[in-house]
């Protein structure tokens, strides 16, 4: 039987690796063979799972073997940990990626999946594959399990803050998009990690039509367990929550969501009143410091200014229009000619005539 595949997405640092690791441990305690697949260039998904050990990554191993013209084997990149009291070992893989600033993390994800598929990952004798995916990054590589339907199911991890919910909404929208072009990954729902009781994630879930699968309150002892490379499910209050979720998943008791996600305006209005004003455009003058003196900028027209405007109004229509464009809007004669579909020499002649007329009118008033 093919492994059941679940992609777990969340904002960086929100607790998706904590969630994935403890879900892996829960399935293993239920006598299921579990593979945890870390899909983040930081390659730290399986650190707690393996007692603090950093696993060699598919990206690094492939580069080393390729330089030696050697094939990558299963034992090069797949590792197991036997844990006392667990009826099944837990398996782990880290896809990895380039170092910061030295390449595309998404491309590393795509290449890593190519290697794993050639090694037959989806034909291995594994019950469940949990894919721990970074959700902040929008490049295509991180949507690989959705785009290629490599994950049957998707779970979103968030907390009650706007940024982590925004990330969850993006993944919901991405999964919906891929469904419209043939994707088959089903959204199971959302996990609220570090729940502070504010209900913001639940408010979003209700608006978006997403099921809340589990709420995990902030727990200092659970965090300490994770920081010391142990399992939070050793704590009864945490274990009970993960047991219920794992049991529901295995028993197919969760109805997938048809959520499409919220558009930006719908999303942002969940968090409070939003201004309906259009954004105020900046001007070249202010950015180049041409209007730095607010007193000078706001001064009232002088008597001479008013007098000049009255003179401009007395010009013939053609001369008045050209004078305004040249002297008030600071447009060059060539541009004015183009705008008026006229000859540039004719524009200059009309401008000269307007200037002479204005001089005469100004001193007559």
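Numerical summary
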{"quantity": "Pair residue 203, residue 269: separation of 7 Å Cα→Cβ label points (nm)", "calculated": "1.4"}
{"quantity": "Highest to lowest packing among 13-19, 309-315, scored as the average C-beta count within 10 Å", "calculated": "13-19, 309-315"}
{"quantity": "Packing-based exposure ordering (other Cβ within 10 Å, fewest first) of 75, 111, 164, 185", "calculated": "75, 111, 185, 164"}
{"quantity": "The chain: most fluctuating residue of 202, 265, 284 per GNM, C-alpha cutoff 10 Å", "calculated": "284"}
{"quantity": "Ellipticity estimate at 222 nm from DSSP helix runs (n ≥ 4, -39,500 (n - 2.57)) divided over the chain, nearest 500", "calculated": "-12500 deg cm²/dmol"}
{"quantity": "Between helix 303-313 and the chain: long-axis angle, C-alpha atoms, 0 to 90°, nearest 10", "calculated": "80"}
{"quantity": "Region 284-364 - convex hull of the alpha-carbon atoms, volume per residue in Å³", "calculated": "102"}
{"quantity": "Ranking of 46, 283, 5 by count of other Cβ atoms within 10 Å, fewest first", "calculated": "283, 5, 46"}
{"quantity": "Gain upon complete extension [residue 318, residue 117; 0.36 nm per residue less C-alpha separation]", "calculated": "64.9 nm"}
{"quantity": "Degrees separating the helix 344-364 axis from the principal Cα axis of the chain, which is the longest one", "calculated": "60"}
{"quantity": "Which labelled figure in (1) 1.29; (2) 0.93; (3) 1.04 is Rg/Rh (Cα atoms, Kirkwood Rh), once derived from the coordinates", "calculated": "(1)"}
{"quantity": "Inter-site label distance for residue 60 and residue 125 at 7 Å from Cα along Cβ, in nm", "calculated": "3.0"}
{"quantity": "With Cα atoms, 0 to 90° folded angle of helix 162-180 axis to the chain main axis", "calculated": "80"}
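A short reminder: the numbers here are calculations on the coordinates, not readings from a lab. Everything quoted here is computed from the prediction, not taken from an experiment. So basically every Cβ, Gly included, is an ideal-geometry build from the backbone, and we count neighbours across all protein chains shown.
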